[in-house]
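Undergrad: I am attaching a structure below and will ask some questions about it afterwards.
Nothing in this text is a laboratory measurement; each read-out follows from the coordinates by a stated rule. Everything numeric in this text was worked out from a predicted model, so none of it was measured. Backbone-built Cβ (ideal geometry, glycine too); neighbour counts: all protein chains shown.
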Amino acid sequence: MAEASCRSWAPALRGIRASIAVAGLVAGAWACGQAPPASKVAVAGPAPDSFRVAFNTSRGTFVVLVTRALAPRGADRFRELVMNGFFDDDRFFRVVPDFVAQFGLNDNRKLNESWDGKPILDDSVRGTNRRGALVFATEGPGTRSHQLFINLADQVHLDTLGFAPIGRVVEGMAVVDALYSGYGESPSQHLIQTLGNSYLQRMFPKLDYVKTARIAGSTVSAAR
């Protein structure tokens with residue numbers, strides 16, 4: 001891999017390893033209201049062998065093809081998140097050219113907490129982290145929950161670190177490449193977890209975001 005794209009991988013990987021512990025640290029600081037259920041739509045059974053999800057974003061539309069055989073647990077969780085409308089209005093809060101475009105922190109703190117509270121077991125790595133691959137972020141073994149990233153370059157070294165792709169972008173990669181990257185690593189995952197989009201809109205107003213994410217051909221409206 002070219003030196004320019006190698007950088008120092010340690011801090012970069014710490015970013016990919018999502019801040020799962022944050023929700024637990026801040027949960028006690030919020031006393032009012034009740035946490036909503038982790039799911040509003042009951043998703044019966046495993047995901048299909050393959051399915052497409054169309055992301056309508058502030059930059060345009062891209063489509064991902066998920067292949068369950070690559071990472072069955074990851075594919076099932078991703079489908080469940082999509083069917084519950086979890087990604088709607090989520091920002092691409094970490095976009096680093098030649099590295100990743102990361103998303104999956106909801107504006108609703110308690111929704112984040114509810115999904116953080118039921119992480120999924122790891123999948124073996126059967127695909128590879130090529131450009132366009134869609135992958136769950138992780139804090140370590142058995143911690144995948146609701147954050148994902150799209151590889152913006154070939155990064156096969158991530159395969160050996162346990163990052164299991166669940167699918168890939170098959171339409172609109174130019175849209176993914178165009179996502180606003182001017183803020184780099186600056187947005188704080190801790191503050192996104194606790195303050196939501198109000199923090200991002202105030203401090204990082206140029207971030208692109210998901211308008212809707214829907215399974216192609218689905219007649220089920222995602223819950224909000």
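Undergrad: Could you please rank S58, S124, S145, placing first whichever residue has the fewest other Cβ atoms within 10 Å of its Cβ? Walk me through the intermediate numbers first.
TA: Working: S58 15, S124 9, S145 24.
Ordered from fewest to most neighbouring Cβ atoms within 10 Å, S58, S124, S145 come out as S124, S58, S145.
Undergrad: Could you check the simple spin-label distance between Q201 and H157, using points 7 Å along Cα→Cβ, in nm with one decimal?
TA: Simple spin-label model gives 3.9 nm for this pair.
Undergrad: Please give the length that would be gained between K118 and T61 if that part of the chain were fully extended, namely 0.36 nm times their separation in residues minus their C-alpha to C-alpha distance (nm, one decimal). Could the numbers behind the result be given before it?
TA: Values: separation 57, 0.36 × 57 = 20.52 nm, distance 2.98 nm.
Going from the current span to full extension adds 17.5 nm.
Undergrad: Follow-up question, since we're still on this one. Assuming a ≥ b ≥ c are the square roots of the Cα gyration tensor eigenvalues, decide whether region 112-224 counts as rounded (a/c under 1.5), prolate (otherwise, with a/b larger than b/c) or oblate.
TA: Details: a/c = 1.27, a/b = 1.22, b/c = 1.05.
Rounded, because the longest to shortest axis ratio a/c is under 1.5.
Undergrad: Which distance in nm do the two modelled labels at E171 and V43 give, with both placed 7 Å along the Cα-to-Cβ direction?
TA: 2.1
Undergrad: Next up: Can you compute the modelled spin-label distance between S186 and A216, with each label point 7 Å from Cα toward Cβ, in nm?
TA: 3.6
Undergrad: Counting other beta carbons within 10 Å of each residue's own, what order do L65, L121, L161, L200 fall into, fewest first? Could you put the intermediate results ahead of the total?
TA: On the way: L65 17, L121 10, L161 14, L200 23.
Arranged by neighbour count, lowest to highest, L65, L121, L161, L200 become L121, L161, L65, L200.
Undergrad: What ranking of T57, T143 emerges when the number of other C-beta atoms within 10 Å of each C-beta is taken as an exposure proxy, fewest first? Before the final figure, lay out the partial values.
TA: Working: T57 23, T143 18.
Least to most surrounded, the residues fall as T143, T57.
Undergrad: Could you list which residues have their amide H under 5 Å from that of R94, counting only those 5 or more apart in sequence or on another chain, with H placed in the peptide plane?
TA: It is Q102, by chain and number.
Undergrad: Using the Karplus curve 6.51 cos²θ - 1.76 cosθ + 1.60 with θ = phi - 60°, work out ³J(HN,Hα) for each residue of region 137-142 in order, rounded to whole Hz, and write x for Gly and Pro.
TA: Karplus-based 3J(HN,Hα) across region 137-142 equals 6, 8, 9, x, x, x Hz.
Undergrad: While we're looking at this one, here's another question. Which cross-chain or sequence-distant (5 or more) residues have an amide H under 5 Å from the amide H of R59, H modelled 1.01 Å from N in plane?
TA: Residues meeting the amide H criterion: Y209.
Undergrad: Moving to a separate point now. Suppose every K and R has +1 on its Cβ and every D and E has -1 on its Cβ; what is the size of the dipole of region 55-215 about the Cα centre, in Debye to the nearest 20? Display every interim value, and only then the final one.
TA: Values: 19 positive and 18 negative charges, 48 e Å.
With only Lys, Arg, Asp and Glu charged at Cβ, the dipole is about 240 debye.
Undergrad: Would you mind calculating the relative contact order of region 55-215 from Cα pairs under 8 angstrom and at least 6 residues apart, reporting the percent as a whole number? Numbers along the way, then the final one.
TA: On the way: 352 pairs, mean separation 59.6, N = 161.
Reported as a whole number, the value is 37 percent.
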